[in-house]
1. For region 37-77, name all the residues that are small (Gly, Ala, Ser) and either in contact with a Ser or Thr (Cβ under 8 Å, 6 or more places away or on another chain) or in a helix (DSSP H, G or I) (or both).
2. Tally the residues that are out of contact with any Lys or Arg (no Cβ under 7 Å at 6 or more places or on another chain) and not in a strand (DSSP E or B), restricting the search to region 335-367.
3. What pairs can you find where one residue is in region 1-30 and more than 20 Å from Glu53 (Cα to Cα) and at pLDDT 90 or above, the other is in a loop (DSSP other than H, G, I, E, B) and among the acidic types (Asp, Glu), and their Cβ atoms are less than 8 Å apart, with a gap of 6+ or different chains?
4. Test of understanding: among Ile57, Ile48, Ile92, Ile84, which residue is modelled with pLDDT of 90 or more, aliphatic (A, V, I, L, M) and more than 24 Å from Arg120 (Cβ to Cβ)?
5. Taking into account only those residues within region 85-107 that are closer than 15 Å to Tyr11 by Cβ and not hydrophobic (A, V, I, L, M, F, W, C), which is surrounded by the fewest Cβ atoms within 10 Å (Cβ to Cβ)?
6. Restricting attention to region 133-150, does a residue exist that is modelled with pLDDT under 80, crowded, with 17+ Cβ neighbours inside 10 Å and either closer than 25 Å to Phe266 by Cβ or touching a His at 6+ places or on another chain (Cβ under 6 Å) (or both)?
7. Within region 107-114, does at least one residue satisfy the condition of being of a type outside the set (Phe, Trp, Tyr), at pLDDT below 90, within 30 Å of Arg385 (Cα to Cα) and not assigned by TED's automatic domain parsing to the domain that holds Leu276?
8. Scan region 240-270 for residues that are in contact with a Lys or Arg (Cβ under 8 Å, 6 or more places away or on another chain), of a type in the set (Val, Ile, Thr) and either assigned to a strand (DSSP E or B) or not assigned by TED's automatic domain parsing to the domain that holds Glu224 (or both) and report the count.
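The values are calculated or read from the model by the stated rules, or taken from the named source; none is laboratory data. Note that the coordinates shown come from a computational prediction; the quantities given were computed from them, not determined experimentally. Positions of Cβ are generated from backbone atoms using ideal geometry, with glycine treated the same way; all protein chains shown enter the neighbour counts.
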Amino acid sequence: MEKSLDVFISYEHESKSIADNIVSVLEQHKVRCWYAPRDVIGDYATSIVEAIERCRIFVIVLNERSSNSPHCLNEVEQAFKANINQEAITIIPFKVDNKDLSKAMDYYVKRQHWIDACSRTLDVAIFDLKEKIIKILGIAEKKEVVRERIDNKYDSASDFEKTRLNNQQKVLKKFDIDIYNRLIEGKKNVSVLDVGSGDGSLIVDRFGHCEAVDTIIGIETNVENVIFANDNYSNEKINFFALDLTSSDFEIKLKKIMNAHNIENFDIIHCSMIFLHIRNNYHLLKKLRKFLSNEGCIYIKDIDDGLNFAYPDINHDFERVYEICRNNVISGYRYSGREIATNLILSGFKNIEILKNGYNTINMSFEDKQSFFDIYFSFIKDDLRIQCERYPDDEYYRKEYAWLCDIYEDLERKFMNHDFVFNLGLMSFIGFKN
């Protein structure tokens with residue numbers, strides 16, 4: 001049969017979000033994917049068998065559930081038999097937990113080369129899977145691609161990133177303190193939900209000492225950050241909890257936290273720089289809206305590098321730097337900001353405003369300008385360093401990292417010139433439940 005498909009994705013239904021992420025990454029690189037139920041036409045079983053026969057690569061999202069799933073076992077058996085019949089299907093297990101495999105699954109995949117998604121973040125493992133598939137298919141890869149959204153478990157728990165983010169929230173206070181004052185103006189007994197609270201320092205700095213705020217609940221995926229936040233800031237008013245924003249039981253777990261603290265709903269939901277790391281903003285916003293009081297509002301701060309500009313930039317060096325940032329999986333989806341207002345509308349919010357749509361160096365003090373350079377350009381440089389360590393044979397990362405290290409001080413000198421203007425596409429939104 002003609003190989004009219006590149007990749008078949010097999011998964012157990014509770015791993016659908018992982019399969020969604022894999023397909024999203026592969027298809028933006030022109031890899032033709034098939035997975036159920038999206039691509040099923042006609043009879044379910046027949047459609048699956050035909051798709052496996054037509055594919056060149058069979059990827060199974062492998063965990064304890066899929067290992068024991070009759071449907072996944074049927075699918076991998078079909079791919080296995082196709083190989084025996086010399087139909088040249090490459091089987092790639094994508095292992096997402098450390099549980100033992102069933103004997104049946106082990107029979108089919110034990111000799112295959114696995115992709116390990118247990119000991120690393122999911123986005124890094126998916127990147128490796130994509131690289132392997134592109135190599136097998138012989139697709140000419142270009143790094144300079146504007147990526148689509150994926151769920152990106154951004155690591156803000158390293159010492160470097162904690163320090164940088166702490167400096168960032170201090171620098172941006174002049175940018176957004178008027179917004180925080182507006183959020184609580186004329187209000188009493190305010191309850192705040194901080195979504196993606198990091199190490200807790202931002203929400204504590206903005207709201208921790210406000211008399212109008214009675215309760216702050218912070219939710220954060222990274223457990224290390226939650227421990228740090230509770231050790232340093234937790235009190236009768238402020239508490240932090242580990243909660244995955246993309247998990248299927250997000251609403252149930254959040255409601256349990258609220259019940260334990262006698263919170264009926266929140267007056268303010270605060271989201272700072274999280275939506276660029278989340279694939280499906282619309283679904284999360286719909287969930288969050290349920291937890292707002294009738295008069296409550298959501299405040300979102302996000303990024304859109306399409307609003308970035310540097311002038312003068314004769315050699316386009318600054319443009320090259322934020323192009324590197326846009327195409328780095330660690331940095332998130334860098335055109336996120338422009339989608340926020342639409343997703344707020346679609347998820348039922350009213351009276352939506354764009355409060356700020358850029359943060360620039362005009363009239364900045366020397367000290368603030370220096371801090372602005374440090375917090376923005378240092379994370380791009382560090383992300384490239386991390387990618388070079390992860391992928392030492394990747395020519396793109398080596399080349400860009402060497403270039404940025406070589407030109408870094410020159411960029412700083414240009415940035416600090418009195419006639420230089422830099423605009424960062426930092427955007428702020430507010431929306432109300434009713």
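1. Step one: of region 37-77, the residues small (Gly, Ala, Ser) are 42, 45, 47, 51, 66-67, 69.
Those that are small (Gly, Ala, Ser) and either in contact with a Ser or Thr (Cβ under 8 Å, 6 or more places away or on another chain) or in a helix (DSSP H, G or I) (or both): Ala45, Ser47, Ala51, Ser66, Ser67.
2. Going through region 335-367 one residue at a time, the tally reaches 18.
3. Final answer for the pair search is Ser17/Asp151; Asn21/Asp151.
4. Working: Ile57 fails: more than 24 Å from Arg120 (Cβ to Cβ); Ile92 fails: more than 24 Å from Arg120 (Cβ to Cβ); Ile84 fails: modelled with pLDDT of 90 or more.
That would be Ile48, the only listed residue that is modelled with pLDDT of 90 or more, aliphatic (A, V, I, L, M) and more than 24 Å from Arg120 (Cβ to Cβ).
5. Looking at the filtered set, the residue picked out is Asp97.
6. So far as region 133-150 goes, no, none of its residues is modelled with pLDDT under 80, crowded, with 17+ Cβ neighbours inside 10 Å and either closer than 25 Å to Phe266 by Cβ or touching a His at 6+ places or on another chain (Cβ under 6 Å) (or both).
7. The answer is yes, given that some residue of region 107-114 is of a type outside the set (Phe, Trp, Tyr), at pLDDT below 90, within 30 Å of Arg385 (Cα to Cα) and not assigned by TED's automatic domain parsing to the domain that holds Leu276.
8. Residues in region 240-270 being in contact with a Lys or Arg (Cβ under 8 Å, 6 or more places away or on another chain), of a type in the set (Val, Ile, Thr) and either assigned to a strand (DSSP E or B) or not assigned by TED's automatic domain parsing to the domain that holds Glu224 (or both): 0 in total.
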